[in-house]
Amino acid sequence: MRTYKISANFPFTIPLVFVAVLSAAWLILNILPIPVEGQLEPQWLNPVIAVILLIPSGFLVYKMHRCCLTLHENDLVYTPLLGAPRTMSYSDLQKISTGGKSYCIYTAEGKVLIRFDDAFTSDASEIVTFLKSKGVRAEL
C-alpha cells in the first residue's frame, strides 16, 4: 500500500520567509545591547514592530509547510492552509488538469483543491497515474 503526499505550492513563500528572518534579526539586534544606527524613536518601538512582523509571518510559514494533500489507498486527507484537516473520498474529486509539468486537482464543486508540479513534487507522474486508477478524470 503506497501513500503519496503532495505539498501545496505558494508563490509568496520566499518573500514571507524573508520577512520572518529579517524581523527575527531585527528583534535580536534590538534585544542585545549593541548600538545600531537608524533605530526608531522611542527605543521600545523597534522590538514591538519586530514582534508584530515575526509572529504572523512565522505562523504562516509554519502553516504553509503543513498544507498538503495525502493520498491513501481508500481515501485522501486534505490539510488546508487555515482550518482542520478533511478526509475525502476519490469520488469527491472532479478532475486533474495537466498543463505541461504542472497539475491542478479540482473538487466535485469545481473548486481548485491543490496545485503541484514536477519541480517541487517527487513522483508527480505516479500521483497522476494513481489518481487515474482511482477513477479521477484527467484533462489536458
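The values are calculated or read from the model by the stated rules, or taken from the named source; none is laboratory data. Since the model is a prediction, treat every value here as computed from it, not as a measurement. Cβ placement follows ideal geometry from the backbone for every residue including glycine, while neighbour counts extend to all protein chains displayed. Note: accessible area is taken over every heavy atom of the protein model, side chains too, but ligands, DNA and RNA are not part of it. Shrake-Rupley method; radii C 1.70, N 1.55, O 1.52, S 1.80 Å.
Things worth noting here:
- Compared with the dominant principal axis of the Cα atoms in the chain, helix 45-66 is inclined by about 10°.
- Between Asp123 and Ile55, the FRET efficiency from the beta-carbon distance, with R0 = 25 Å, is close to 0.10.
- Segment 21-127: trypsin sites (Lys or Arg not before Pro) falling in loop per DSSP and having at most 12 other Cβ within 10 Å: Lys101, Lys111
- Angle in degrees between helix 124-133 and the longest Cα principal axis of the chain, rounded to the nearest 10: 40 degrees
- Cross-link partners for Lys63 among the lysines, with Cα-Cα distance under 28 Å and sequence neighbours closer than 8 places in the same chain left out: Lys5, Lys95, Lys101, Lys111.
- The simple spin-label model puts a point 7 Å past each Cα toward its Cβ; for Arg2 and Ser89 those points are separated by 2.4 nm.
- Protein accessible area in segment 1-112, 1.4 Å probe - carbon and sulfur %: 67 percent
- Amide hydrogen proximity for Ile114: with H placed 1.01 Å from N in the peptide plane, the residues at 5 or more positions away or on another chain lying under 5 Å are Ile105.
- Which labelled figure in [x] 145; [y] 117; [z] 108 is volume of the Cα convex hull per residue in Å³, once derived from the coordinates: [x]
- Amide H contacts for Ala138 (H built 1.01 Å from N in the peptide plane; partners 5 or more residues away or on another chain; cut-off under 5 Å): Ile96.
- Among Val48, Val17, Val61: highest mean-square fluctuation, GNM of the chain, C-alpha pairs under 10 Å: Val48
- Taking 0.36 nm per residue of separation and subtracting the Cα-Cα distance, full extension of the segment from Leu29 to Arg137 would add 33.5 nm.
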